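**Student:** Starting off with a structure, shown below.
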Amino acid sequence: MRKTTRKAWALAAGVMSISLLGTACSDGGSSAEGGTDGDEAITLTIATFNDFGYTEELLAEYTELNPNVKVEQTRAAQSADARTNLTTKLAAGGAGLADIEAIEVDWLPELVASADAFADLSDDAVEGRWDEWKVAAATAEDGRLIGYGTDIGPEGICYRADLFEAAGLPTDRAAVAELLGGENATWDSYFEVGRQFVAATPDVAWFETAGSIYQGMVNQLENAYEESDGTAKPLAENTDVKDAYLATVTASADLSANLAQWSGDWDAAFQNNSFATMLCPAWMTGPIEERAGGVTGWDVADVFPGGGGNWGGSYLTVPASGKNVDEAKALAEWLTSPETQVKAFLNAGTFPSQVEAWESADLTGATNDFFNDAPVGEIFANRAAAIDVTPFKGENYFEIHQVVSDAINRVDIEKSETPEQGWDSAVQAFSNLDL
């Protein structure tokens, strides 16, 4: 999803599978010894990334309800940093992990394979809280639930209305949705409008990076890299992925700002009018606002090429090696309750994954003043309803996805390979995985 050091993860994962055996054997004693009697003053730590919407005020609410509990949050700038921290410390037996570790959905296939490293969060109190697919992704073969769902990432299109106006295009969000194809929007129609845009304003790109475009496409494939039994699909014969790759790198030649997401250049581009549109999962509205402070013109269109799409969504896990496992589980349960998750959405745009939250008037009536008072609750609820594919992501997903993403970056950002060379390199890199 976001840029990750693949080699570092592969090394960490390789060590982790061995180290976790030891962790699992010693968990019970460690947790029991670290428990509290319910009144003892404790500090719970939670490690997140980007912006989960867990403001100081929100965390203070928990302390008001539980006066003996203080909550301290460590927030990584991007998920890659959090992933490296998590895997490295898991490989070391869990020492140094926070009481609650936030994870991305794409990490789950590998983490559930080592489910003993995490507390089993199964509980009657959370039955029915999420859609079945959200729970299934975090459930190990033995039935252990290792994560409570926080948000999902229904995707719309975020755009700069002021740059659209300069290019002679409609600016109203409903008109923009129709311009991009409305209910019948396709990737081709999105790219075609982009070519109209860059023809009128050649100094401004249509989208910020090819990697995000490919991410949007691959999330619409039910079995992008693996069959439903987990068998890896040979990349050289994978026409769906090759088609998405070629469509992405072909469009990038004319339409991309050639930026690496989460890089310093990407951050600066928000202030430099470098691009006009972004694929926009609900959680992305927070990072955009964070980087585009003082820039006016951002808006959200209720449309997405190819129908619906979900990008990301996270979970809260409780490492079994923690000293306050029961208390951490209680905090994770509270943070992912429908009521609290609606508050997190209002704080940072993280669209709740909780079924009950979707009916909240606070959610459906929410607007975002930074995005021209866009009715973000209604828009992202509509985008969530448009999602009709649940991609299968097995243990090989992350590695294969990184192989293709690296190839796209070499073509789009580094410009070190042609599209054909990039694909050939990806096929070779896939072969080296020996899956």
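**Student:** How long are the three semi-axes of the equivalent ellipsoid for segment 40-189, computed from the Cα gyration tensor as the root of 5 times each eigenvalue, in whole Å, largest first? Before the final figure, lay out each step's value.
**Tutor:** On the way: eigenvalues 278, 87, 57 Å².
Working through the eigenvalues yields semi-axes of 37, 21, 17 Å.
**Student:** Hey, rough spin-label estimate for Thr186 and Glu378, points 7 angstrom out along Cα→Cβ, what's it come to in nanometres?
**Tutor:** Simple spin-label model gives 3.0 nm for this pair.
**Student:** Related question: Heads up, I need the accessible area for Asp373: 1.4 angstrom probe, whole protein in place, Å², nearest 10.
**Tutor:** 90 Å²
**Student:** Could you give me the ³J(HN,Hα) list for segment 358-366, computed from phi with Karplus coefficients 6.51, -1.76, 1.60 and θ = phi - 60°, whole Hz, x at Gly and Pro?
**Tutor:** 5, 9, 6, 5, 5, 7, 5, x, 6
**Student:** Which of Val303, Thr239, Leu255 sits closest to the plus end of the dipole of segment 220-343, meaning its Cα is farthest towards the positive end, when Lys and Arg get +1 and Asp and Glu get -1 on the C-beta?
**Tutor:** Farthest along the dipole direction, towards plus: Leu255.
**Student:** OK, next. Please tell me the relative contact order of segment 266-371 in percent, rounded to the nearest whole number, where contacts are Cα pairs under 8 Å and at least six residues apart.
**Tutor:** Details: 68 pairs, mean separation 31.2, N = 106.
Reported relative contact order: 29 percent.
**Student:** Show me, for segment 146-162, the HN-Hα J-couplings you get by feeding each phi into the Karplus relation (A = 6.51, B = -1.76, C = 1.60, θ = phi - 60°), rounded to Hz, glycine and proline as x.
**Tutor:** Karplus values, whole Hz, x for Gly and Pro: 9, x, 9, x, 9, 10, 10, x, x, 9, x, 10, 8, 8, 9, 4, 5.
**Student:** Tilt of helix 56-65 relative to the longest C-alpha principal axis of the chain, in degrees (0 to 90, nearest 10)?
**Tutor:** So the helix axis and the longest Cα principal axis differ by about 30 degrees.
**Student:** I'd like the accessible area for Thr239: 1.4 Å probe, protein heavy atoms, all chains in place, Å² to the nearest 10.
**Tutor:** Roughly 90 Å² of Thr239 is accessible to a 1.4 Å probe.
**Student:** Over all Cα pairs of segment 235-358, how is the pair count split among 10 Å bins, expressed in % and running from 0 up to the last occupied bin?
**Tutor:** It works out to 10, 28, 30, 22, 10, 0, in whole percents.
**Student:** Dipole size in debye (nearest 20) for the chain around its Cα centre, Lys and Arg Cβ +1, Asp and Glu Cβ -1? Kindly include the intermediate steps, with their values, before the conclusion.
**Tutor:** Numbers: 24 positive and 71 negative charges, 238 e Å.
Its charge dipole is roughly 1140 debye.
**Student:** Let me ask another. Go ahead and run the numbers for FRET between Ala113 and Asp265, Cβ-Cβ distance against an R0 of 56 Å, rounding to 0.05.
**Tutor:** Between Ala113 and Asp265 the formula returns 0.95.
**Student:** Turning to a different aspect of this structure: About its Cα centre, what dipole magnitude does segment 366-411 give when the only charges are +1 on Lys and Arg Cβ and -1 on Asp and Glu Cβ, stated in debye to the nearest 20?
**Tutor:** Details: 3 positive and 7 negative charges, 31 e Å.
The dipole of segment 366-411 has a size of about 140 debye.
**Student:** Here's another thing I want to ask about it. Given +1 on the Cβ of Lys and Arg, -1 on the Cβ of Asp and Glu, and no further charges, what dipole in debye does segment 232-298 carry about its Cα centre, rounded to the nearest 20?
**Tutor:** Working: 3 positive and 8 negative charges, 8 e Å.
Charge dipole of segment 232-298: 40 debye, to the nearest 20.
**Student:** Sticking with this structure for a sec: What is the gain in length, in nm to one decimal, between Thr296 and Thr367 on full extension, counting 0.36 nm per residue of separation less the C-alpha to C-alpha distance?
**Tutor:** That works out to 24.0 nm of additional length.
**Student:** In terms of the Cα gyration tensor, with a ≥ b ≥ c the square roots of its eigenvalues, is segment 32-121 rounded because a/c is under 1.5, prolate because a/b exceeds b/c, or oblate?
**Tutor:** Details: a/c = 2.20, a/b = 1.34, b/c = 1.65.
It comes out oblate by the Cα gyration axes.
**Student:** Another one. Leaving ligands, DNA and RNA out of it, work out the accessible area of Tyr62 with a 1.4 Å probe and give it in Å² to the nearest 10.
**Tutor:** Using a 1.4 Å probe on the heavy atoms, I get roughly 20 Å².
**Student:** Further, regarding this structure: Put +1 on the Cβ of every Lys and Arg and -1 on every Asp and Glu Cβ in the chain; which of Ser416, Ala374, Trp283 then has its Cα farthest towards the positive end of the dipole?
**Tutor:** Positive-end residue among those listed: Ser416.
**Student:** Using only Cα atoms, figure out Rg for segment 97-149 and give it as a multiple of 2.2 N^0.38 Å.
**Tutor:** 1.05
**Student:** So what is the relative contact order for segment 61-212, in percent, with contacts set as C-alpha pairs under 8 Å and at least six apart?
**Tutor:** RCO, segment 61-212: 11 percent.
**Student:** Please report the spacing between the Cα centers of segment 376-394 and segment 153-186 in Å, no decimals.
**Tutor:** About 19 Å separates the Cα centre of segment 376-394 from the one of segment 153-186.
**Student:** Find the Cα radius of gyration of the chain, compare it with 2.2 N^0.38 Å by division, and give the number to two decimals.
**Tutor:** Details: Rg = 21.6 Å, N = 435, 2.2 N^0.38 = 22.1 Å.
Dividing the Cα radius of gyration by 2.2 N^0.38 Å gives 0.98.
**Student:** For segment 314-374, rounded, prolate or oblate, judged on the Cα gyration tensor with a ≥ b ≥ c (square roots of eigenvalues), a/c < 1.5 rounded, else prolate if a/b > b/c? Please report the intermediate quantities before stating the final value.
**Tutor:** Working: a/c = 3.61, a/b = 2.37, b/c = 1.53.
Prolate shape, in that a/c is at least 1.5 and a/b is the bigger ratio.
**Student:** In degrees between 0 and 90, to the nearest 10, how far off the longest principal axis of the chain does helix 376-385 point, with axes built from Cα atoms?
**Tutor:** 90 degrees
**Student:** With a cut-off of 8 Å between alpha carbons and a minimum separation of six or more residues, what is the relative contact order of the chain in percent? Working shown, then result.
**Tutor:** On the way: 809 pairs, mean separation 110.4, N = 435.
Relative contact order of the chain: 25 percent.
**Student:** Also, quick follow-up: Work out, step by step, the length gained on full extension between Glu339 and Glu61: first 0.36 nm times the residue separation, then minus their alpha carbon distance; give nm to one decimal. If you can, show how the numbers build up before the last one.
**Tutor:** Working: separation 278, 0.36 × 278 = 100.08 nm, distance 1.22 nm.
That works out to 98.9 nm of additional length.
**Student:** Compute the Rg/Rh shape ratio of segment 358-435: radius of gyration over Kirkwood radius, all on alpha-carbon atoms. Before the final figure, lay out each step's value.
**Tutor:** On the way: Rg = 19.8 Å, Rh = 16.0 Å.
So for segment 358-435, dividing Rg by the Kirkwood Rh gives 1.24.
**Student:** Using modelled backbone amide H atoms (1.01 Å from N, in-plane), which distant-in-sequence or interchain residues come within less than 5 Å of Gly153's amide H?
**Tutor:** So Gly153 has HN proximity to Trp311.
**Student:** In addition: Mean residue ellipticity at 222 nm from the helices of the chain, using -39,500 (n - 2.57) per DSSP H segment of n ≥ 4 over the full residue count, to the nearest 500 deg cm²/dmol?
**Tutor:** Calculated at 222 nm, the ellipticity per residue is -13500 deg cm²/dmol.
**Student:** Separate question: Using Cα atoms only, what is the angle between the long axis of helix 239-255 and the major principal axis of the chain, expressed in degrees (0 to 90) to the nearest 10?
**Tutor:** 60 degrees
**Student:** Something else about it: D for segment 155-252, whole µm²/s, Stokes-Einstein with Kirkwood Rh over alpha-carbon pairs at 20 °C and 1.002 mPa s: what number?
**Tutor:** Details: Rh = 15.0 Å.
After rounding, the answer is 143 µm²/s.
The values are calculated or read from the model by the stated rules, or taken from the named source; none is laboratory data. No experiment lies behind these values; they were computed from the predicted model shown. Positions of Cβ are generated from backbone atoms using ideal geometry, with glycine treated the same way; all protein chains shown enter the neighbour counts. Just so you know, the surface numbers come from the protein's heavy atoms only, side chains and all, with ligands and any DNA or RNA stripped out. Shrake-Rupley method; radii C 1.70, N 1.55, O 1.52, S 1.80 Å.
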